Each structure stands twice: as structure tokens, then as C-alpha cells.
Number of protein chains: 2
Amino acid sequence: MLTERQLFLMRLLVNDYVVSAEPVGSRSISKRDDVHFSPATIRNELADLEEMGYLEKTHLSSGRVPSEKGYRFYVDHLLSPEMLSDDEMDSIRNEYQKKFSETEELIRITAKVLSEFTNYTAIMLGPELLEMKLKHIQMVKLSQTQGVLIIVTDTGHVENRVVSFPETIRAEDIEKIVNILNDKLKMVPLFNLQSRLNDELASVLRANIRDYKKVMALLNNSFAINDPEQIFYSGKNNILSQPEFQDVEKIISLLNVLEGKEIVRELMNMPTRGLHIRIGRENKLNGFEECSLITTTYSVGSEHLGTVAVIGPKRMAYPRVVTLIDLVSKLLTENLNKQER
Amino acid sequence: MLTERQLFLMRLLVNDYVVSAEPVGSRSISKRDDVHFSPATIRNELADLEEMGYLEKTHLSSGRVPSEKGYRFYVDHLLSPEMLSDDEMDSIRNEYQKKFSETEELIRITAKVLSEFTNYTAIMLGPELLEMKLKHIQMVKLSQTQGVLIIVTDTGHVENRVVSFPETIRAEDIEKIVNILNDKLKMVPLFNLQSRLNDELASVLRANIRDYKKVMALLNNSFAINDPEQIFYSGKNNILSQPEFQDVEKIISLLNVLEGKEIVRELMNMPTRGLHIRIGRENKLNGFEECSLITTTYSVGSEHLGTVAVIGPKRMAYPRVVTLIDLVSKLLTENLNKQER
DNA sequence: AATTAGCACTCAGATAGAACGAGTGCTAAC
DNA sequence: GTTAGCACTCGTTCTATCTGAGTGCTAATT
């Protein structure tokens, strides 16, 4: 168990390191107005904290830096959300005053606000397509052999798939197919479409439609799961200005992580809704050792819809980011629900 | 006018510098098997070429590096396209063997091929939405007050806009509107939709539709020009591994250029179809001084559809890139036309 | 018993000089 | 016109030294 003074020093040290990015020494701590003990005392305390694994040195005679365990402790026990100034609150709320016709635009704005006010990188996962439910299907014929299948979901999202018809198909057939689909698949989650098609609809379609096999192939194709996530980035390059990314190697491998699929998988794999903080290697991502990830979720009604995330260096301004991510996810949820009515 | 030998040396030097990224000296040139004059002679020639502005030194006693004018001369007078090996040709053609149902996928593949075979960054501008023509319009009602307007273009692209209906609208009204639009706006270019709506359709709609004003506002909104370009990147980080980008500052400013709108404007502003090479400062882009841009166009039928581009360092393997960009733009055009039939 | 002053020690980073080598331009000989 | 020779330049690399911010430990102080 840590003493009161150790807690005090721990918080001080992390806060200091977060802004300076330099190892913190006993002397610089002792110089502060709110510190009333000598460098030597502080050295003893820091040595104890180091022994417990909360602090590290970069070399034998350097100042201290929080270890991953130290950040974890800080985040779990010492973190108090930062108050935003009235000005900041106003300008954030202001961004949400506009009329939004599309869910996507709302998400994009949120990403922008988040990256601009944190100066880190924001990632948003859009509504999970697969969890949406089918509201309506339309088929539009482009030529004798080509058409577009339009899938409208309950959340107002619209997907479209280009399809190739069998040569011999007739307009009535298409209409019949669409009617059957709309009749039988309404409010079915998208990830279920394909199995429902093959299980329940096969016989109906076989009975009513010529070219049954080709039509089934076409529909199977259209209902196949592809690229299920919408991803919105903002401020991708912000994080590169951080002093921990002086090295070109590191920049490239971080950019590769950001472009890649693993990060998305990581974001989707949060165990519960609400706020999560993952520090450095807690994320099982190569090239992400120097970064932390703060995520939360947003929703419409009772549905879980998507994820809001901020990526910054391990040495992140946790209090501020926690406050901001919490705020914008609430604003986003609020506005989405308003829109939905 | 340059002598035969100067041309020879110029070509040699650029080719050498392109692979080594190091200033080229007279001795290293003289060591080549196909060079039969002494370092001193070469020095004299290089000094002349420098005086004419084709070469530069990085410092007083360094080897030579091509100047921007030198690259320009090389590209205009000394460039011969590189032959690809049979293996390479095969594996490129192979990528296009798959069935593509969507224009976008074809473009994406092209970007991928281009970036992987050049090891630079590929950017594709998709079909210019505004130049497409309207093929078909559909309206899908989501709720009493919300719907989706679906715009299908002649090139197989599908756009959708979420719209808010006036509260009092009836299903027949919507049907009537859609019928009128399909009747009057077929094959009208998208950029003309709005003006045609206001000029020709206003009176028809006023005569037939209740809530005329609100419907006009809704349609005006949907037909407004927004975010007209689709942009596909591939190999965004390839270029960062080039030795000219050791510096974090430069990386960040280059990434900002790549993310920004200016580069797209630059790409769209090519004076003619076909191949263009822009070297360093010839692109009027801050942070792009060390880069060159090679672009060409692709098309369906006689329509200009989009732009293919490769971004690399000024010290780019021009012969190879020219060959590749030419090849893939032809393959892309070919496959788009096949699809169109 | 806790705190602090004092001191020897460590180490990254900055600074300076020497040696090296790849390059140049110029001149004179071929 | 070409080339050998030579003095010179300058970036790079290596080594040595110095500096300063930091440490741990011990002994004195409170």
C-alpha cells in the first residue's frame, strides 16, 4: 500500500512528465511551491516507488519516468477528469448546433472535435453494419444484365450492391423477387440475411422464380459479409508531432498500425460498453508500444452502435482526454437520438 | 545544344542517382565498363552541364545531383520506358482476371498494383461524379418524415441522400415526384441536375405536387454538389521509406499534403488527357518540393472518367513508373469498357 | 525515526579536434 | 581534345573531454 506522500509524488510526477516528456528528477520536484521536503527525501520515496515497479529510469543516473504499471496505477487511482473552460465547452457545443441529415456527418464532426481538442488522433467506428436490421430492399435495373440492389437499414444507412442478372430474366421476376425479400426479410439483422435466404427463402424462390439457381447465387453474393466497418479518422498526423516519434521507423510502423485492420479489431473487442483505457503493451499491437488508447461507445436508443477512440502517446493527457471523450460521446448519442426521434 | 557525350553522361548520372540517392562523382562514372574517358574529362563535362543548369552540387566538393531543370531535360529528351519482365507482366494481368462487379473495386485494384510494383504511392481519382449522367432515381420511405433518395448513374455508380419529407406528404405524392424526375432528368449530367430542376421542373412540380416549396427545398438539397471526388490511395507509406524523408518535419508536411485537398485539385487540373510528369516545384504545393507526380487518365468509351497518379521522390524511377502507369491505365480502361459492354 | 546535507559516482549530450575520403578545379603534359 | 597530377574543400566519422542533471549512500540533524 502506498503512503499519502507516495500517492502525491506519483501524481505529481506523471503530470509533470506528461507535459515535459523529460525524465523527472528529485530536484525539479522539490522546487515546486506545494512540495515541502528536500530532494533527498524525494529520492528515497522515488527509489521505493521504483522498487515497487511504478517508476523506471532511462539510464542509471537519470530522472524517473512512469512505467506501464505506473500509468495503470495513475489511471486507476489518481485520475480525476479535467474541467473544461467555458469557452471550450461553448465551442464544442457549437459544433453540434448545425442540422445533420446524415449519421455519418455527425460521426465525422465528432471525430474532428475530438482530435482538435485533444491534439491526438481520433478514430470512430461507425454503426456496426452487421448489427443493423433490414428496413427495405429495392432493385434497380441498369441494363438487361446489370442492376443495383439497395439495402436500407433501420438506422438510416443505405448500402448498395451492383449485381449481374441472368440474361433471360424478366422485369416481373425482379419485382417478384424484391417483393418476396421485403416480405420475408424485414427487420432481419444484416448478418443473418444470408442464412435466412438459404434456409427459409430458398423454397419460396424456387417455386416462384425462373433461373432460380442464378438468382440465388446473385443474392448470396449481395448478402455476403463484406468490409463491415466504417472507419473515420481525424488528426491522423497529430500524434506524429509527439516527441516519442522522432524516429522515422517508429512513424512508419505506427502509420501501418493505424491503416491496418488489427486496430479495428482491437477497438471492436472491448469487453464492455463505456470507457476503457489501454496503455502501451496492454494493446496487443506491434508498433503500438508507445501509445495508449482511450475508447468509449455511443448508441442510439438501447442499441450499441459504435466506438469512439483516441490514440495518443502513453504519455497522454489522460484527464483531459477522458473528459473530452466522455463529453463528445454523450453529445453524439444525444444528437443521434434527436435525429431518430 | 548538348553534345552526344553530354547526353550520354546526363542519362548515366540520373540513372545512377536514382538508384543510389548519393551525389555522383566523376570517378565512379569513369569506372563503368561503357565509359571510356578519364575522370578528368568527365569532370570537365559535368562542370559544363552544371553551368548550363542541369546539374547541382550539394556542397563545394561534392559529386553532382540533377537539378530540377536536369530532371525536366531527362524526362523530356532522355527517357525511354522500361520493359517489364514477363513475370511481372503476368502477375499484373493476373490481378485483372477476377470478375469485378463494381467500378470501385477495379479502381482499388489498380491503385494496389501501381503502388506495389512501383514502391511509391498511388492515388486514383474516381469517376468524376459531376460528369456522370443520371440513369435512374428512386425514393425509399423510411418513416413518415424520412427517406432516401437513390441516384444511379450511367457508369453504374450509386449515390444516396437522406432526405426529410414534409410531415403532410402522401405516398402518391412521392411516387409522382419520382416519376416526374425520372421522366425529365434522364441522362442529365449530375452537375446540371440542380439548374434543370429549378428551370424546367419547377412549374411541372408546382402544378402536380402539394407542399411544392418544401419538396423543392428537399430536392435542391439533394442535388447540391457535395464532395464530388472519390479518392483511392494505396501504398501511402511507401514513399516515407525513401532516403529523402529522414526528417520528421518533412514526413509530416508531406502527409499533410497527401491528406489535403490541394493535391486533388492539382490532379484535376492537368491540362490535357494522357501522361503528365510534374517535377518538384513544378507542382505548386508546399511540402511537395522533393516529390514528383506522374499522372494519366482513364476512361469509359469516349468519356474522361478519372485520373491515375503516382507520387514518388523527385529521384524517381521515371522509366519504370511511366511504363507501369501507362499499362495499368490501359488495363483499367479496358476492363471498365468490358464491364460496361 | 524521519529528514536532510554532503559527496562520490554515472551517464547522455554537447563541443572540439584529427583523420579520412570522396569529390572538386586547375594546370601542364601528352 | 584528353588526361595525369596536385592542391584544396568539405561532409563524415572517430575519439577525447567537459558539463550538468541526475543518482545512491552515509552521516549528521531535527
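The values are calculated or read from the model by the stated rules, or taken from the named source; none is laboratory data. What you see is a predicted model, and the numbers here were worked out from it, not measured in a lab. For neighbour counting, all protein chains shown are included, and Cβ atoms are generated from backbone atoms with ideal geometry for every residue, glycine included. Ligands, DNA and RNA are stripped out before the accessible areas are found, and what is left, the full protein with its side chains, is counted by its heavy atoms. Shrake-Rupley method; radii C 1.70, N 1.55, O 1.52, S 1.80 Å.
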## Note on the structure
Shortest first and in nm, the label-point separations between A:Ile180 and its counterparts in the other identical copies (7 Å out along Cα→Cβ) come to 3.7
### Using a 7 Å Cα-to-Cβ projection, A:Arg43 label spacings across copies, nm, ascending
6.0
### Message
Rounded, prolate or oblate, given the Cα gyration tensor of segment A:4-78, with a/c below 1.5 counting as rounded?
### Response
rounded
### Query
Which FRET efficiency, nearest 0.05, do A:Phe191 and B:Glu303 yield, Cβ-Cβ r, R0 51 Å?
0.85
## Note on the structure
Note to self: C-alpha centroids of segment A:106-133 and segment A:1-58 sit apart, in Å, by 36 Å
### Task
Using only protein heavy atoms and a 1.4 Å probe, report how much of A:Phe117 is accessible, in Å² to the nearest 10.
40 Å²
### Query
Any idea what angle helix A:103-118 forms with the longest principal axis of chain A, computed on alpha-carbon atoms, 0 to 90 degrees, nearest 10?
10 degrees
### Message
Rounded to whole Å, give me the distance from the Cα center of segment B:189-212 to that of segment A:243-289.
### Response
50 Å
### Query
Can you give the average number of partner chain beta-carbon atoms within 10 Å of each beta-carbon in peptide B:246-254, as a whole number?
3
#### Entry: Average accessible surface area per residue within the protein assembly as shown, 1.4 Å rolling probe, Å²
47 Å²
### Query
What is segment B:130-223 by shape, rounded, prolate or oblate, if you read a ≥ b ≥ c off the alpha carbon gyration tensor as root eigenvalues and call it rounded for a/c under 1.5, prolate for a/b larger than b/c, and oblate otherwise?
oblate
### Query
Please identify the chymotrypsin sites (Phe, Trp or Tyr not before Pro) of segment A:28-111 that satisfy two criteria: DSSP loop assignment and at most 16 other Cβ atoms within 10 Å. Which are they?
A:Phe37
### Message
Set the bar at 32 Å for Cα to Cα. Now go through A:Lys112/A:Lys133; A:Lys98/A:Lys176; A:Lys214/A:Lys284 and name every pair that lies beyond it.
### Response
A:Lys98/A:Lys176; A:Lys214/A:Lys284
### Message
Residue by residue through segment A:323-330, what is 3J(HN,Hα) from phi via Karplus (6.51 cos²θ - 1.76 cosθ + 1.60, θ = phi - 60°)? Round to whole Hz and write x for glycine and proline.
### Response
4, 5, 5, 5, 4, 5, 5, 5
### Task
Would you list which aspartates and glutamates come within 13 Å of A:Lys135, measuring only between C-alpha atoms, while excluding same-chain residues fewer than 8 positions from it?
A:Asp154, A:Glu159, A:Asp183
### Summary
Buried accessible area between A and B, both sides, 1.4 Å probe, in Å² rounded to 100, is 2700 Å²
### Query
For the pair B:Lys214 and B:Ala21, what calculated FRET efficiency results from E = 1/(1 + (r/R0)^6), where r is the Cβ-Cβ distance and R0 = 45 Å, to the nearest 0.05?
0.10
### Message
Inside 10 Å of the C-beta atoms of A:255-266, what's the mean count of C-beta atoms belonging to other chains?
### Response
1
### Task
Enumerate by residue number the trypsin sites (Lys or Arg not before Pro) in segment B:1-81 meeting two conditions: DSSP loop (anything except H, G, I, E, B), and at most 11 other Cβ atoms within 10 Å of the site's Cβ.
B:Lys31, B:Arg32
### Query
How far apart, in nm, are two points set 7 Å out from the Cα along the Cα-to-Cβ line at B:Ser241 and at B:Lys284?
3.5 nm
### Summary
In whole µm²/s, the translational diffusion coefficient that Stokes-Einstein assigns to the protein assembly as shown, given a Kirkwood hydrodynamic radius over C-alpha pairs, 4 °C and 1.567 mPa s, equals 44 µm²/s
